[in-house]
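Beneath this line is the structure, given in structure tokens, with notes to follow.
The values are calculated or read from the model by the stated rules, or taken from the named source; none is laboratory data. This structure is a prediction, so every number in the text was calculated from the model and none was measured. Cβ placement follows ideal geometry from the backbone for every residue including glycine, while neighbour counts extend to all protein chains displayed. Surface areas here come from the heavy atoms of the whole protein model, side chains and all, with no ligands, DNA or RNA. Shrake-Rupley method; radii C 1.70, N 1.55, O 1.52, S 1.80 Å.
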Amino acid sequence: MIAGAMKLTLYAPWVHSLKEKRMVAKSICGKAAAKFNISISEVENQDLHQTLTIGIACVTTDASHCASILDNVLRFIESNTEAAVVKIEKEEAHM
């Protein structure tokens, strides 16, 4: 079994309130969770208006499939939001 995790930090300069930020985060997480078989949530920086940090996890039986899922999720998020991805952290673990 392979577990993959990715943490994305996004910058949304047009967001001016935590309510707006929550709407953006919920939209991104909801769309990605519906399209891919992943766990996804806002994991850090909940009190910063323009910075979103999203954690993503997937479990599969093949390392290349795990990497492919994470890459596809990243491309999906980049194409479905105006927020800029400023940092990407990926990990894969054999269990």
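Defining a contact as two alpha carbons under 8 Å apart and six or more residues distant in sequence, what relative contact order in percent does the chain show?
Contact order relative to length: 49 percent.
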Over the chain: helical MRE at 222 nm, DSSP H runs n ≥ 4 each giving -39500 (n - 2.57), nearest 500:
-12500 deg cm²/dmol
For the chain, find the longest principal axis of its Cα atoms and tell me its angle to the long axis of helix 63-79, 0 to 90°, nearest 10.
20 degrees
Using mean Cβ contacts within 10 Å as the protection proxy, how do 34-41, 47-54, 3-10 order, highest first?
3-10, 47-54, 34-41
The correct pair for the chain, radius of gyration to one decimal and Dmax as a whole number, both in Å and from Cα atoms, is 13.2, 42
With Cα coordinates, the longest principal axis of the chain makes an angle with the long axis of helix 18-35, in degrees rounded to 10, of 30 degrees
Carbon/sulfur accessible area of the chain, % of total, 1.4 Å probe, equals 53 percent
Within the chain: Cβ-based charge dipole about Cα centre, in debye rounded to nearest 20 (Lys, Arg +1; Asp, Glu -1)
320 debye
